[in-house]
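What follows draws every value from the coordinates through simple rules; no lab data is involved. Predicted model, so just to flag it, every value in this text is computed and none were measured. All Cβ positions, glycine included, derive from the backbone under ideal geometry; neighbour counts span all protein chains shown.
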Amino acid sequence: MTALAPAHPLASGLTASSRLVRAYRADRPETTPVWFMRQAGRSLPEYRELRVGTRMLDACLDPAMASEITLQPVRRHGVDAGIFFSDIVVPLKLAGVEVEIQPGKGPVFAQAVRTADDVDRLTAVDPASLGIDAFAPIAEAVRLTIAELGETPLIGFAGAPFTLAAYLVEGGPSKDHIRARTLMHADPEAWARLMAWTADITGMFLRAQVLAGTSAAQLFDSWAGSLSLHDYVQHVAPASARALSHVRDLTYEVPAAEGSATGEAEARNVPIVHFGVGTGELLKAMHDVGADTVGVDYRIPLDEASRRLGHVVPLQGNVDPAMLDAPWEVLQAHVADVLERGRDAPAHVLNLGHGVPPETDPTVLTRLVEFVHGWRPE
Ligand code: 1CP
């Protein structure tokens, strides 16, 4: 176990009893916390203005800009958390991989990783040789951001090894991630080496964010829904557990509760969230790799997700992003239903079932935050 620095917002007490951190620890607050995946970004005019003339990955590596973009949706919507502005491919770029983010498309790699030789070429850089300095712009951006956020927690994130591999093997975005799934079976040894390397790089990226001050860590396995449960457990879960092991040891202390028998301070781990799209069949396995809270997409209702997890795991989700553009009454009824079903879990953080669509009217998101904060069970 490694204690966070005393000035870390969890250790100093600034964010340890925030609604978000309480919910992630299964301690349900009276008011349901809410934030939105992709809350920063193209739905905000202030983001579009700031980004003019700066490429996406350059914006991610400019601490002042990344911090400002992270803060924009918190100021505007009054959400319960900031999510650090970056991208899942940033650690790959910091490890020397040639990658770009093309507007309207996503990450595109100069060379796809298709064979055992390609895997050897990619993994020639030993993640351990990178050191914490490689992530200096990330840590700096986190420090600038938490200084402004005060009692509002910042969430750090990283891509899970499979989702990163889905991009690396294909060379860019793909539909069924078929080449990655082929490599997994065609050359399981090369696949395992690719996954272990990716787990360490992405895990170090996540650890750098938490050490610098984020109050939670979310692992995005956005594309794991293309896997069978068997393939997930056999070929993917060990690498996801390895990625999370980079933050699982980080702890903070809270003073002993009044009347505590021992009178000793309690050590808690930094809350970990694990999310995927179309992963209804994988929820249990995704929890088992070392997550505290599971993120659910919009394809299965939260009460069913909670049942699949034995009713003991806090959930995050799962408003259908398509509803954001529906008439307010329709959206409101949908969100009320999500909140009601979320009561089946020990705690619930309201979010979308996937990212904010770029065309979303941001005033709808602000109104939604007010609605969620005002909602109480019948
Ligand atoms: O506000 C926030 O939520 C923080 C920023 C954030 C996050 C959490 C960005 C900025 N990217 C991510 C994670 C990310 N990146 C994921 C996991 C979450 C998810 O499933 O949405 C994935 C799959 C990516 C890869 C990626 N990067 C895509 C998807 C491509 C595909 O395969 O369909 C895209 C379009 C990007 C670029 C990107 N990342 C982030 C932004 C704001 C953008 C758009 C860049 C622009 O302004 O043009």
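Projected onto their three principal axes, the Cα atoms of segment 332-378 cover extents of 32, 20, 16 Å, largest first. Using C-alpha pairs below 8 Å separated by at least 6 residues, the relative contact order for the chain is 22 percent.
Tilt of helix 328-342 relative to the longest C-alpha principal axis of the chain, in degrees (0 to 90, nearest 10)? So the inclination is approximately 90 degrees. Kindly provide the helix-only [θ] at 222 nm of the chain, computed as the sum of -39,500 (n - 2.57) over DSSP H runs of four or more divided by all residues, to the nearest 500 deg cm²/dmol? Rounded to the nearest 500, the figure is -12500 deg cm²/dmol.
Put a dot 7 Å past the Cα of residue 64, heading toward its Cβ, do the same for residue 185, and the two dots end up 5.3 nm apart. In this rough spin-label picture, where each label sits 7 Å from Cα along the Cβ direction, the residue 257-residue 115 distance is 6.0 nm. The order of 288, 344, 126, going from fewest to most other C-beta atoms within 10 Å of their C-beta, is 126, 288, 344. Put simply, the amide H of residue 218, placed in the peptide plane, has neighbours under 5 Å in 156, 157, 158, 273, leaving out anything fewer than 5 places away on its chain.
Express the relative contact order of segment 47-197 as a whole percentage, based on alpha carbon pairs under 8 Å and six or more residues apart in sequence. Taking the mean separation of contacting Cα pairs over the length of segment 47-197, I get 28 percent. Treating segment 1-372 as a set of equal point scatterers at the Cα positions, no solvent, please give the Debye-formula log₁₀ I(q)/I(0) at q = 0.08 Å⁻¹. Debye intensities relative to I(0), on a log10 scale: -0.37. Which of these, 190, 224, 165, has the largest mean-square fluctuation under a Gaussian network model of the chain (Cα springs below 10 Å)? With Cα springs under 10 Å in the chain, the top fluctuation among 190, 224, 165 is at 190.
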